[in-house]
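Q: Below are the structure tokens for one structure; questions will follow.
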Amino acid sequence: FAIFSWHQKEDGHLAVQVHQGRVTNEDAQGEFSGTWHTGDEGARLPGVLDLTASLTRIKAKRVHRYLPVVLSEDVRHYVAESVKDGTGSQVKLRLRGNLNDMPFEDPSKGEFRVSAKVTNGVYAYAPAGKAKPEDVWPALTEVNGELVFERAAMQFKGTTQLMGAPHVTWHNVQA
């Protein structure tokens, strides 16, 4: 559910505004609002986005479905192959700027930040892909903590285990 409004100017520029957006499906539940409009001449697409979202739950293994297409196919494929399980809660998203400049390493060009509480995550940081079984690195399991993506950086604080060593828990993990 959402309340949308849009406006097209005579020069072809398009603007869309979303109020009180809600998503509830098998993958996620939450609320969002924001605006999008075409960019300046020569770079109208993917456009300029100002989006704020708050999710109460998201299935980690389905996150790749919601990544913006401005991210490279390699990045989206890596997330699909490496994030195996878990749940995100207390998710906050803030994205503001021309999507051509994402992830906004220069703060004057925009803002990109996602924070989430992760529980029971499974992360194959070096996914198997086409590797031989003996060359595959073990995944991290029981990933529990706070995950933050800010601009081009990722930070995690919490606990985890290594697949194959279920009785060894790493505490105070920071990456």
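The values are calculated or read from the model by the stated rules, or taken from the named source; none is laboratory data. Note that the structure is predicted; figures quoted are calculated from it, not measured. When we count neighbours, we look across all protein chains shown, and the Cβ atoms used for this are built from the backbone with ideal geometry, even at glycine. All accessible areas refer to the heavy atoms of the entire protein, side chains included, with ligands and DNA or RNA removed. Shrake-Rupley method; radii C 1.70, N 1.55, O 1.52, S 1.80 Å.
Q: Which value in deg cm²/dmol, rounded to the nearest 500, describes the helix-derived mean residue ellipticity at 222 nm for the chain, given -39,500 (n - 2.57) per DSSP H run of n ≥ 4 and division by the residue count? Working shown, then result.
A: Numbers: 1 runs with 10 residues, N = 175.
Dividing the helical sum by the residues of the chain leaves -1500 deg cm²/dmol.
Q: Which whole number in µm²/s is D for segment 83-152 by Stokes-Einstein, with the Kirkwood Rh taken over Cα pairs at 37 °C and 0.692 mPa s? All intermediate terms of the calculation are to be shown ahead of the outcome.
A: Details: Rh = 14.1 Å.
Diffusion coefficient, whole number: 233 µm²/s.
Q: List, in order, the whole-Hz ³J(HN,Hα) value for each residue of segment 26-43 obtained from phi through the Karplus relation with A = 6.51, B = -1.76, C = 1.60 and θ = phi - 60°; use x for Gly and Pro.
A: 4, 8, 7, 9, x, 10, 8, 7, x, 9, 9, 8, 5, x, 5, 3, x, 9
Q: Could you give the length gained on full extension between GLN29 and GLU81, defined as 0.36 nm per residue of separation minus the Cα-Cα distance, in nm? Display every interim value, and only then the final one.
A: Numbers: separation 52, 0.36 × 52 = 18.72 nm, distance 2.29 nm.
Extra length available between GLN29 and GLU81 comes to 16.4 nm.
Q: In whole Å, how far is the Cα centre of segment 39-54 from that of segment 95-170?
A: Cα centres, segment 39-54 to segment 95-170: 26 Å.
Q: Right, something else. Taking 1 over the mean of 1/r across every pair of different Cα atoms in the chain, what Kirkwood radius in Å do you get?
A: Working: mean 1/r = 0.0558 Å⁻¹.
It works out to 17.9 Å.
Q: For segment 70-143, how many pairs of lysine residues have a Cα-Cα distance under 20 Å, where the two are 8 or more positions apart or belong to different chains? Write down the numbers at each step before the final one.
A: Values: LYS84/LYS117; LYS84/LYS130; LYS84/LYS132; LYS92/LYS117.
Close lysine pairs under the 20 Å cut-off: 4.
Q: Taking R0 as 30 Å, what FRET efficiency do you get between TRP137 and GLU73 from their Cβ-Cβ distance, rounded to the nearest 0.05? Mind dumping the intermediate values first?
A: Numbers: r = 23 Å, r/R0 = 0.76.
Computed FRET efficiency for TRP137 and GLU73: 0.85.
Q: So what are the ³J(HN,Hα) numbers for segment 142-149, from phi and the Karplus equation (6.51, -1.76, 1.60; θ = phi - 60°), rounded to whole Hz, Gly and Pro as x?
A: Working through the residues one at a time gives 6, 6, 9, x, 9, 10, 10, 10 Hz.
Q: By how many degrees, between 0 and 90 and to the nearest 10, does the Cα long axis of helix 73-82 differ from the longest principal axis of the chain?
A: Computed tilt is about 40 degrees.
Q: By how many nm would the segment from VAL148 to ALA15 lengthen if fully extended, with 0.36 nm per residue of separation less the alpha-carbon distance? Can you show the working numbers first?
A: Working: separation 133, 0.36 × 133 = 47.88 nm, distance 2.98 nm.
Between VAL148 and ALA15, full extension yields an extra 44.9 nm.
Q: If you plug each phi of segment 154-164 into the Karplus form 6.51 cos²θ - 1.76 cosθ + 1.60 with θ = phi - 60°, what whole-Hz ³J(HN,Hα) values come out, in order, with x for Gly and Pro?
A: For segment 154-164, the Karplus-derived couplings read 10, 9, 9, 10, x, 10, 7, 10, 9, 4, x Hz, x marking Gly and Pro.
Q: Taking the highest mean first, how do the peptides 67-80, 49-62, 145-158 order by number of other beta carbon atoms within 10 angstrom per residue?
A: Ranked by mean Cβ neighbours within 10 Å, highest first: 49-62, 145-158, 67-80.
Q: Tell me the Kirkwood hydrodynamic radius of segment 35-136 in angstroms, computed as one over the mean inverse distance between distinct C-alpha pairs.
A: Details: mean 1/r = 0.0650 Å⁻¹.
Mean inverse Cα-Cα distance, inverted, gives 15.4 Å.
Q: For the chain, what is the accessible area per residue in Å², given a 1.4 Å probe and the full set of protein chains?
A: Working: 11300 Å² over 175 residues.
It amounts to 65 Å² per residue over the chain.
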